[in-house]
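Structure first, commentary second.
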């Protein structure tokens, strides 16, 4: 109810209610369903159904209003909507858990308008930066739900935020200024969820026998003072698409500060999850050279926090900068075929010996996609390989479009390798997926 | 002696029988405009500085299954440079997809192309080199789409080889052969035969042979009429003879008179959509 009251106030404040008459209205709905079966034990991992209504209205004064909702249910014992910690959402953004296994969410709700030479997008929206596929460096403006790790489409797992988004052309440059008034961060899986993180890179491992006390999440909640802001400058120069990005934000992942305490029952580790600020400086590039497209992005994070296993460390966390970058090459030299390779590296300079993650972590991705039968049949294989930890994820998939807006797919998600790695930790979650999508 | 004379006469008559058609054709051919002349006429035809139009794409497979895409397209010339953009309006799963091209006149400069896919929410730079690839599931190649009603001068050598009628309109048949093997591979055509209406200098029928020399597809331009003084095709049907797949493009709301804003041909425009 709060959301609707908020948005009605917002629209009326803009004078939309009085000044504009709806000129053109469109309504559509997407129905999506997917069944995932664990290939290790034959159990149903997920049987999900979602309904995504979308409403667009154009007004006589050039304003455009978009609203996208989502009703999602999981009917299996595996994945559930409340697998993620809902405390990471602000009250304005948090999905409503209607019943066990059914949640409703106003995914996006924004108004677009031209204000002279400035283009304003106001409301709950997704702002996507970066050039990488499947891996994120600068696509961190919006947090993400990891309920299904990274298996869900980013468009669905990305969490839209209440944002003021201004764009304006400045000569041959385009400037985008964003102001995010929404203290929502990554939705991380609960410890008993199917895709709960267990990798020591992300989750502290107290010595055996020690009691662990996890404190409530300490989250920013001052709408203005805890807001995030960013600037992107884009240009097209001598065939190159270039952007320069800056973001001042609370890192979407909470820092797990740890301290030891002696209690009546023995020593105890108290874990205090807390969000911390960081500055992000970065840029992207892309250009085409014959059959090839080169693209990449780089991001420098001034303040990142990494777990350390050094017992002498005061809070179990090392603070330092992080440099992440992706370089990708796309090739389309073969008819109806798309081949893409990316190398992603994350470097933490001057990292201490006890840091649980590696100083330099490398992941490579390969994608081969081919269209058949006038693009009605698509086959693809995506391979993400964690070079540092020797783990990975293989995702072959075949999609067939039966008719306009009716498609089905079948595929597998195969995790392999070191269980300490980000992919290997889900070794027991290999699955076959099949699903359908209808649009009307 | 008589036998020798008879044999000589027989040879002369036979020679005349075989060479006469060639002589007659040569006489006719000397009246026909050359292939290059026809190509120049086609490319000199007024297309308007800018155009906006609705385009309905119907794709029909051999079993009769039909898929329909509604789009709105814009095109504008900046001197010799051509910019065009296509926004998908339906079906739902393609709505918001947009395709932007900067087409440069210099042969050694590839086009700049971008594709916006709503599911990714990113404008992707795409390679323009795959001009023989089929355009988004249709039976037109990217090169067919790019040329619209024009023809490529650099890629083919042309010869006028006959006359014909299409829909009751007289036309010259022009045979176009790729200039080299590389061009054949790139375009996917080893021979093109175009029937060109010499009243309005538009191609009414094109036949394409694949790289192996087999008839590949036929394109028919129909419902050609003037819009704001510019001859405009309103229906194009292409049939792929190998796959029996057909694509029908239907143009409506064609407008050459209203200028198209430069801002439409930008990456941010394809991201925001119509």
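Shown here: the range A:165-273, whose C-alpha atoms stretch 68, 32, 24 Å along the first, second and third principal axes, sorted largest to smallest.
Rounded if a/c is under 1.5, else prolate if a/b is larger than b/c, else oblate: which is the range B:47-117, with a ≥ b ≥ c the root eigenvalues of its Cα gyration tensor? Write down the numbers at each step before the final one.
Working: a/c = 2.12, a/b = 2.00, b/c = 1.06.
Here the range B:47-117 falls in the prolate category.
For the range B:37-272, the alpha carbon positions stretch 50, 40, 37 Å along the principal axes, listed from largest to smallest. The angle between the Cα long axis of helix B:2-31 and the main principal axis of chain B comes to about 30°, on a 0 to 90 degree scale.
Note on the protein assembly as shown: the alpha carbon radius of gyration divided by the globular reference 2.2 N^0.38 Å gives 1.15.
At q = 0.13, 0.14 Å⁻¹, work out log10 I(q)/I(0) for the range A:68-226 with the Debye formula, treating every Cα as an identical point scatterer and leaving solvent out; two decimals please. These q points yield log10 I(q)/I(0) values of -0.73, -0.83. Per-residue mean of foreign Cβ neighbours for B:114-126 is 5 (Cβ atoms of other chains, 10 Å radius).
Provide A:272, A:121 in ascending order of the number of other Cβ atoms located within 10 Å of each residue's Cβ, fewest first.
Values: A:272 17, A:121 20.
If I rank by nearby Cβ atoms, fewest first, I get A:272, A:121.
Stokes-Einstein at 37 °C, 0.692 mPa s, Kirkwood radius from Cα pairs: D for the range A:20-439 in µm² s⁻¹?
141 µm²/s
Give the shape of the range B:158-274 as rounded, prolate or oblate, defined through the alpha-carbon gyration tensor: a ≥ b ≥ c are the square roots of its eigenvalues, a/c under 1.5 means rounded, and otherwise the shape is prolate if a/b is larger than b/c and oblate if not. Mind showing how you got there, number by number?
On the way: a/c = 2.01, a/b = 1.36, b/c = 1.48.
Oblate.
The overall shape of the range A:395-440 is prolate: from the C-alpha gyration tensor, with semi-axes ordered a ≥ b ≥ c, the ratio a/c is 1.5 or greater and a/b exceeds b/c. Working note: 222 nm ellipticity from helices only, DSSP H runs with n ≥ 4, each -39,500 (n - 2.57), summed and divided by the residues of chain A, gives -1000 deg cm²/dmol to the nearest 500.
For A:238, B:130, A:43, B:103, what's the fewest-to-most ordering of other Cβ within 10 Å of each Cβ? Please report the intermediate quantities before stating the final value.
Numbers: A:238 6, B:130 23, A:43 13, B:103 19.
With the fewest neighbours first, A:238, B:130, A:43, B:103 line up as A:238, A:43, B:103, B:130.
Sorted fewest first by neighbouring Cβ atoms within 10 angstrom, B:85, A:348 come out as A:348, B:85. Peptide B:88-95 is shielded by partner chain Cβ atoms: per residue, an average of 5 of them sit within 10 Å of its Cβ. Distance between the modelled labels on residue A:97 and residue B:165, one decimal in nanometres: 7.8 nm (7 Å Cα→Cβ projection).
Laboratory data are not the source of any read-out in this text; all were calculated from the coordinates shown. As the structure is a prediction and not an experimental result, all values here were calculated from the model. Note: ideal-geometry Cβ built from the backbone for every residue, glycine included; neighbour counts use all protein chains shown.
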